[in-house]
Amino acid sequence: MNPLQFKSLVDLHRDRVYSYVLHMLRDPAASADVTQDVFIRLWEYRGALEEERVLSWLLRVARNACIDQMRKHRVRLSVENDEVSGIDLLEDDSPTPEGAARASLFRDRLQEALDRLGEPHRSIVILREIEGYPYNDISDQLGLPLNTVKVYLHRARKALRHHLGEVHRHDYA
Amino acid sequence: MPEHPFHPTPDLDWADEHIESFLDGELAGSDRDRFQALLAAEPWLRAEVAAARRIQQELASIPMAVCPDHVSRHILAHARHDWWTALPRRLADGFRRMAQAGLRPALAMALLLVVVLSSTLVSRPEAPPAVASADVSQALADVKMALGVLADAGRTTGTAVGNDVIGPLVVRPVARSMQPLSQN
């Protein structure tokens, strides 16, 4: 693979890799660094990879890099102490400023719940629910059996829902 | 938001376990009927289903992030630099592998061909401009006429022009200048 062929692979996959890493780390600068390192590793291993499996390989390497990064820096969002949160925010979808603010708060709470998920549940939610990959691809990307991916996704969704419910009860206790 | 049942019944435990399957359309037959009956009877379950649906919609609506341009630039600069740095080594390895594979005669022929072609193409002198033989004849006739005019002028004016003047000043320079033309 020469640099021109490599460039076409970078152009094809860079947004997917960066987006996944950004959801994992929540830090644009760190995500840019990790994405860069992942593609440089792809360049170094270019002779050993089949082209159709490049994206799976990239996401697997990216996930390992994110886990390393989180261990080193403990990237976590601070939990805000808002008075309104959780599932209570579900009931208002109106396009008023108040409705928009509540929707924004819901997203924050959801992100907080996502941050609390452990691996591989978090990666599975990102890859399936945000990035929209099929189960088979996620199985390949994470090196997990297909049924395990489905079971973990089920548990992760339930954990997100319960976390939002807990926040709601805590705020109104 | 209805309060979570602190003393859940087996039915609600079961329903809680199957909310995501219900949303994905994976519940069928008696399980789906059972879930829908509980959904109609339990406000808590309805709220949980709404929450699960909203979570899925919210996650699906998050747009894909765009990788900053400088990331691609650094990656490609690294690849290009690495490629050119390693090029001589790769060529040397290629020749070495050919030699090890018993392709020495082929390698020698390839090298010879490269040398011959490059010397032919690189150091070949430029061809002189083509001159038609008619032009050469015309030039010689012009010289003869000039010499004749000079001799006639000498006779007319009474000024003798000696061979020691005509030779070095006219005949030899003209002959020298005509030499390349006559060779064509």
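Restricting to the range B:43-80, count the residues that are open to solvent by 70 Å² or more (accessible area, probe 1.4 Å) and not small (Gly, Ala, Ser).
11
Yes or no: A:Val84 open to solvent by 40 Å² or more (accessible area, probe 1.4 Å), within 12 Å of chain B (Cβ to nearest Cβ), over 30 Å from A:Asp15 (Cβ atoms) and modelled with pLDDT under 85?
The answer is yes for A:Val84.
Report every pair of residues separated by at least 6 positions or lying on different chains whose Cβ atoms are under 8 Å apart, first residue within the range A:133-158 and away from chain B (no Cβ under 14 Å), second of a type in the set (Lys, Arg).
Once the first residue is away from chain B (no Cβ under 14 Å) and sits in the range A:133-158, its partners that are of a type in the set (Lys, Arg) give A:Ile138/A:Arg128; A:Asp140/A:Arg53; A:Gln141/A:Arg60; A:Gln141/A:Arg63; A:Leu142/A:Arg60; A:Leu142/A:Arg63; A:Gly143/A:Arg60.
Which of the residues belonging to the range B:50-92 are part of a helix (DSSP H, G or I), closer than 23 Å to B:Glu20 by Cα and more than 7 Å from chain A (Cβ to nearest Cβ)?
If we filter the range B:50-92 for residues that are part of a helix (DSSP H, G or I), which is where we start, we get B:50-60, B:69-92.
When the remaining residues are screened for being closer than 23 Å to B:Glu20 by Cα, the result is B:50-60.
Selection gives B:Arg53, B:Gln57.
Which condition number in (1) open to solvent by 70 Å² or more (accessible area, probe 1.4 Å); (2) at the interface with chain B (Cβ under 10 Å from one of its Cβ atoms) is the one that A:Ile40 fails?
(1)
Out of everything in the range A:43-73 that is more than 18 Å from B:Val71 (Cβ to Cβ) and acidic (Asp, Glu), what residue ends up being nearest to the other protein chains (Cβ to nearest Cβ)?
Filtering first and then ranking leaves A:Glu51.
Starting from the range B:1-28, take each residue that is more than 14 Å from B:Ala50 (Cα to Cα) and list its partners that are assigned to a loop (DSSP other than H, G, I, E, B) and modelled with pLDDT under 85, counting only C-beta distances under 7 angstrom and pairs at least six apart or across chains.
From residues that are more than 14 Å from B:Ala50 (Cα to Cα), the pairs are B:Leu12/B:Pro5.
Which numbered condition in (1) open to solvent by less than 50 Å² (accessible area, probe 1.4 Å); (2) at pLDDT 90 or above is the only one that A:Gly143 fails?
(1)
The values are calculated or read from the model by the stated rules, or taken from the named source; none is laboratory data. Here the structure is a predicted model, which is why all the values come from computation and not from measurement. Neighbour counts are summed over all protein chains in view; Cβ atoms, including those assigned to glycine, are modelled from backbone coordinates with ideal geometry. Keep in mind that these areas ignore ligands, DNA and RNA; they rest on the heavy atoms of the full protein, side chains included. Shrake-Rupley method; radii C 1.70, N 1.55, O 1.52, S 1.80 Å.
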